[in-house]
Amino acid sequence: MTDSRHLVCLSFDFDAVSFWMAQGLTSPTSISRGEFGGIGVQRILKVLESHDIKASFFIPGVTLNTYPEVCRAIAEAGHEIGHHGFTHVSPVEMSREDELNALRKGKTAIQEVTGQVPVGYRSPAWDLSGNSIELLLQEGFV
């Protein structure tokens, strides 16, 4: 019998309230779903630590600014922090200038809260504009 390893990539989106707000859903019900994210992430971190697993967390800039302690804990546990927009608005809905500003604001939020320079990017809407690839490369994303 041989020992074998299985490789798995775990990634999480910590959107918190940013997703609901970007959709214009600001009722207490929608917002409360997003607010649970701060608690849920702490539970996920405990599970990952108990199994010595590292993961990638994609976090919008608004979430970094709203939950800095939780986001800092993710980074301090050794997990990658990836860019997930600033306000969770789809790049397709933005002008080139607005998309660039969102990239820069989200990147700044990651650096200020966690000290990490992000290289990973996950579109907040899982969609890219005609400008996205060029802007991501220009801003140092892989």
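A few points about this structure:
- Cβ-defined net charge surrounding GLU93, 10 Å radius [Lys, Arg +1; Asp, Glu -1]: -3
- As a proxy for reagent exposure, GLU99, GLU93 were ordered by neighbouring Cβ count within 10 angstrom, fewest first; the result is GLU93, GLU99.
- Calculated from the structure at hand, Kirkwood radius over Cα pairs in Å is found among (1) 15.7; (2) 15.2; (3) 16.1 as (1).
- Over the chain, dividing the summed -39,500 (n - 2.57) contributions of all DSSP H runs of at least 4 residues by the number of residues returns a 222 nm mean residue ellipticity of -14000 deg cm²/dmol.
- Net charge contributed by nearby residues that have their C-beta within less than 15 Å of VAL8 (K/R +1, D/E -1): 0
- Charge context of ALA77, other residues only, Cβ under 12 angstrom, K/R +1, D/E -1: -1
- Per residue, the average separation of C-alpha pairs within less than 8 Å and at least 6 apart gives the range 11-138 a relative contact order of 25 percent.
- By DSSP, the beta bridges lying fully in the chain are antiparallel in about 0 percent of cases.
- Cβ crowding within 10 Å ranks CYS9, CYS71 as CYS9, CYS71, fewest other Cβ atoms first.
- Charged side chains reduced to their Cβ positions (Lys and Arg at +1, Asp and Glu at -1) give the range 11-138 a dipole of some 160 debye around its Cα centre.
- Among SER4, SER123, sorting on how many other beta-carbon atoms sit within 10 Å of each Cβ, with the fewest leading, yields SER4, SER123.
Bear in mind these aren't lab numbers, they're just calculated from the coordinates by the rules spelled out. Given the structure is predicted, the values throughout are model-derived calculations rather than measurements. Neighbour counts run over all protein chains shown; Cβ positions are idealised from the backbone, glycine included.
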